[in-house]
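This report concerns only the one structure given below.
Values quoted throughout were computed directly from the atomic coordinates according to the rules given, and no laboratory measurement underlies them. All values reported here derive from a predicted model rather than from experimental measurement. Don't worry about glycine lacking a Cβ; one is built from the backbone with ideal geometry, like all the others, and counts go over all protein chains shown.
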Amino acid sequence: MSILVTGGAGYIGSHAVRGLIDKGYDVVIVDNLETGYQKAIDPRARFYNGDIRNIGFLNDMFSKEDINGVIHFAANSLVGESMVNPLKYFDNNVHGTQVLLTAMLKSKIKHIVFSSTAATYGEPVRIPIDETHPTHPINPYGEAKLMMEKLIKWTSTAHDLTYVSLRYFNVAGAHPSGEIGESHNPETHLIPIILQVPLGKREKLSVFGDDYDTKDGTCIRDYIHIEDLVNAHIKALEYLIEGNTSDIFNLGSGDGYSIYEMLEAAKEVTAFDIPFEITARRAGDPAVLIASNQKAKDILGWSPKYTDVKDIIKSAWQFHKKFPDGFKE
Ligand code: UDP
């Protein structure tokens, strides 16, 4: 019995592959390498290079493998890009998931853990955000993820399929080996961008707005370490394989840090004085996003081990020092 990881060459997928293999699972990867990297692929997994929208490719892979469950990461994930090219997101993410589900049903695969996002909630009406919070996405990325959740839910209602959808807050950090980590091109995420300054790749950090209604005026986010996130996926998979019912869980640390706090922590970790400038707000950024992670704690028996944001930045720093240009090929 094997686990299929779609998007196993991407940031989160490649860490999940290592986490699964280290726990003794046999892993199959499907990735089209559009945003994933060959270098991030664990050689211990079997890799199928192809697109989840290609039903023939998926059916062929499923017929060769004995898959027990799927962890589905394959998707485009840039909010800004989704605003200018929404159809890319509805095609690759939503249609891709529809094709994946069709192939899963044909091959009688019964479990899926789905990589969702806090962007499904949209502008928060209360903090912390729990899973009953209204879902009104404010960008096509979040809308597509919500549609994917619903595709999975209704397929599960009609067929012999159970699911867990995991809504991530801000995922960060890298594998303790420093061999894989966050590498996007172009990079848009705060921690890798901050670290580009001590790496000499960027002169200063642009802080997107200091006039938010928060303690220091900058946006507050909930940063969760990639290893904690991966552990939650494995727990969710095992929860489904044990026969438990489908559900949705937030994955966050439950704590919020402002941009200035992140900057201070990064200065301490890197021992580098990181200059910054205040620039305009970025469209679509809510002031505060903090998860309630109580449900995942109660039902999945999960809790985050990285509770100090400095340790998250430290692990990212290890990776970026080793790969200052990321996995650019
Ligand atoms: N941010 C920033 N400067 C940057 C990149 C990000 O000030 O160069 C801010 C961004 O406005 C947000 C926070 O950092 O408040 C986290 O942004 P990121 O893109 O990492 O994640 P998001 O919250 O959008 O998922």
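One table, with the values for the structure above:
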read-out	value
Where Rh is the Kirkwood radius over Cα pairs, Rg/Rh for region 20-146	1.00
R0 of 41 Å, Cβ-Cβ distance residue 305-residue 55: FRET efficiency to nearest 0.05	0.55
Alpha-carbon spread of the chain, three principal axes, descending order, Å	55, 41, 38
Residues 14, 115, 258 arranged by fewest to most Cβ contacts within 10 Å	258, 115, 14
Relative exposure of 203, 238, judged by other C-beta atoms within 10 Å (fewest first)	203, 238
Centroid-to-centroid separation of region 287-329 and region 1-80 [C-alpha atoms, Å]	21 Å
Net charge contributed by nearby residues that have their C-beta within less than 9 Å of residue 326 (K/R +1, D/E -1)	-2
Contour minus Cα-Cα distance for residue 193 and residue 102 (0.36 nm per residue)	28.9 nm
Neighbourhood net charge (15 Å Cβ-Cβ; Lys/Arg +1, Asp/Glu -1) for residue 145	-1
26 Å Cα-Cα threshold exceeded, pairs from 110/235; 267/322; 153/297; 201/305; 150/235; 145/204	201/305; 145/204
Relative exposure of 135, 6, judged by other C-beta atoms within 10 Å (fewest first)	135, 6
Surrounding net charge for residue 220, when Lys and Arg each add one and Asp and Glu each subtract one, Cβ distance under 11 Å	-4
Residue-averaged 222 nm ellipticity for the chain, from DSSP H runs of 4+ at -39500 (n - 2.57), nearest 500	-10000 deg cm²/dmol
Förster radius 56 Å - calculated FRET efficiency between residue 159 and residue 204 (Cβ-Cβ, nearest 0.05)	0.60
Sequence-distant lysines (8 or more away, or on other chains) whose Cα lies within less than 16 Å of residue 106	64
At most 14 other Cβ within 10 Å, DSSP loop - trypsin sites (Lys or Arg not before Pro), region 3-83	23, 44
